[in-house]
Amino acid sequence: MDHVGTIKDITFPRQGHTSDVAIIASTAGRYVIKRTRGEQYCSWLSQEVRVLNALRHTKLPVPIVYQAVEQKHDNQNWALMHYFEGETLRQSLSNETNTDKRHEMIFNFGVILSRIHATPCPPELIGDSDWLDEMLRRAEFNLHHYSAEGTADLLAFIKNNKPSPIKNTFIHGDFTIDNVLVRDGKITAIIDWSDGAFGDPRYDAALAIRPKPNAFEIDSEIDIFFEGYGTKLIGEQEYTYFKDGLYEFF
């Protein structure tokens with residue numbers, strides 16, 4: 001904790017069920033502390049630290065990891081990270097009523113995904129097996145060992161109906177409007193990198209355009225997203241495969 005200095009304030013933002021997050025204000029600046037508990041979530045944080053360290057020398061706006069601690073005897077992990085100003089894109093879109101400003105944020109959302117996919121994948125993040133085959137293996141493991149929305153019938157379907165392969169790229173792996181931070185309409189950071197890998201870029205696109213309240217509920221916003229990305233990356237069949245199929249196990 002040498003980076004932090006004297007702590008002046010700690011706040012606890014709203015967070016998903018996979019981790020506990022605190023924002024520390026100190027004499028040295030502001031930081032994020034992330035804690036996970038349990039085998040599954042601790043493995044996710046360990047992998048996120050690995051991905052972020054691999055991305056440290058890229059130009060992507062990702063958190064720096066200052067310190068990571070694995071407390072295996074307590075079955076919990078910790079990570080101290082750089083703090084970015086901003087709120088999630090989901091929050092920004094929910095609060096923004098100006099159509100032009102909404103479109104600008106959605107366009108930039110597509111642009112930043114294109115930047116991710118254009119970033120050379122760090123060699124240490126390229127797996128030994130095909131990404132989709134590995135994801136299907138993980139899906140089966142999650143089905144039998146953890147709580148998952150997917151079913152045995154759905155798993156059998158996606159195993160037997162894999163989409164035609166395309167060129168893999170570096171991907172985020174959970175590219176949703178909750179994992180992109182925005183300030184004054186501009187993207188400041190991309191967070192939650194535990195699934196960063198060399199994989200199918202259509203998976204990122206499918207998760208990005210999933211309809212949410214006040215986001216991607218109309219086709220024009222999907223069109224603007226892909227305009228920002230630079231091409232219509234995914235068709236309806238692939239979208240359904242990834243959004244309503246594979247993602248149900250994660």
- line: In terms of the alpha carbon gyration tensor, root eigenvalues a ≥ b ≥ c, rounded if a/c is under 1.5 and otherwise prolate when a/b exceeds b/c or oblate, the range 5-82 is oblate
- request: Could you work out which residue, out of M81, M105, M135, moves most in a Gaussian network model of the chain, that is, has the largest mean-square fluctuation with Cα springs under 10 Å?
  value: M135
Shape parameters for the range 136-250, alpha-carbon atoms, Rg then Dmax in Å: 14.8, 45
field: Rh by Kirkwood over Cα pairs, then Stokes-Einstein D for the range 52-141 at 0.890 mPa s and 25 °C, µm²/s
entry: 146 µm²/s
field: Electrostatic dipole magnitude of the chain [Cβ: Lys, Arg +1; Asp, Glu -1; Cα centre; debye, to 20]
entry: 580 debye
message: Run the Debye formula on the Cα coordinates of the range 68-109, all scatterers equal and no solvent, and tell me log10 I(q)/I(0) at q = 0.21, 0.22, 0.32, 0.35 1/Å.
response: -0.71, -0.74, -1.08, -1.15
- prompt: Can you give the three extents of the C-alpha atoms in the range 57-206 along their principal axes, from longest to shortest, in whole Å?
  reply: 44, 42, 31
- line: Per its Cα gyration tensor (rounded if a/c is under 1.5, else prolate when a/b beats b/c, else oblate), the range 25-68 is best filed as oblate
field: the chain: proportion of alpha-carbon pairs further apart than 25 angstrom, %
entry: 46 percent
statement: A correct Karplus calculation of ³J(HN,Hα) over the range 180-191, with 6.51 cos²θ - 1.76 cosθ + 1.60, θ = phi - 60°, whole Hz and x for Gly and Pro, returns 10, 9, 10, 9, 6, x, 10, 6, 9, 6, 10, 10
- prompt: How large, in percent, is the carbon and sulfur part of the accessible surface of the chain at a probe radius of 1.4 Å?
  reply: 48 percent
- prompt: When the Cα centres of the range 95-122 and the range 21-87 are compared, how far apart do they sit, in Å?
  reply: 24 Å
Of K34/K159; K167/K243; K212/K232, those spanning more than 28 Å from alpha-carbon to alpha-carbon: K34/K159
query: Could you give the radius of gyration (one decimal) and Dmax (whole number) of the Cα atoms in the range 106-184, in Å?
result: 15.5, 45
field: Local electrostatic count, C121, Cβ distance below 15 Å [Lys/Arg +1, Asp/Glu -1]
entry: -2
message: With a cut-off of 8 Å between alpha carbons and a minimum separation of six or more residues, what is the relative contact order of the chain in percent?
response: 22 percent
query: Near the amide H of Q67, under 5 Å away, which other amide H atoms are found, from residues 5 or more places off or on another chain, if H is placed in the peptide plane?
result: L80
message: As an exercise, identify the GluC sites (Glu not before Pro) in the range 70-143 lying in DSSP coil whose Cβ has no more than 14 other Cβ atoms within 10 Å.
response: E85
message: For the chain, set up a GNM with springs between Cα atoms under 10 Å and report which of T231, T119, T169 has the largest fluctuation.
response: T231
query: In square angstrom, what is the accessible area per residue of the chain with a 1.4 angstrom probe?
result: 52 Å²
field: Heavy-atom accessible area ranking, 1.4 Å probe, most first, across W131, W44
entry: W44, W131
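The values are calculated or read from the model by the stated rules, or taken from the named source; none is laboratory data. Model, not experiment: these values are computed from the prediction. Quick reminder, even Gly has a Cβ in these numbers, built from the backbone with ideal geometry, and neighbours come from all protein chains shown. When the accessible area is computed, the model is the full protein with side chains, heavy atoms only, and any ligands, DNA or RNA have been set aside. Shrake-Rupley method; radii C 1.70, N 1.55, O 1.52, S 1.80 Å.
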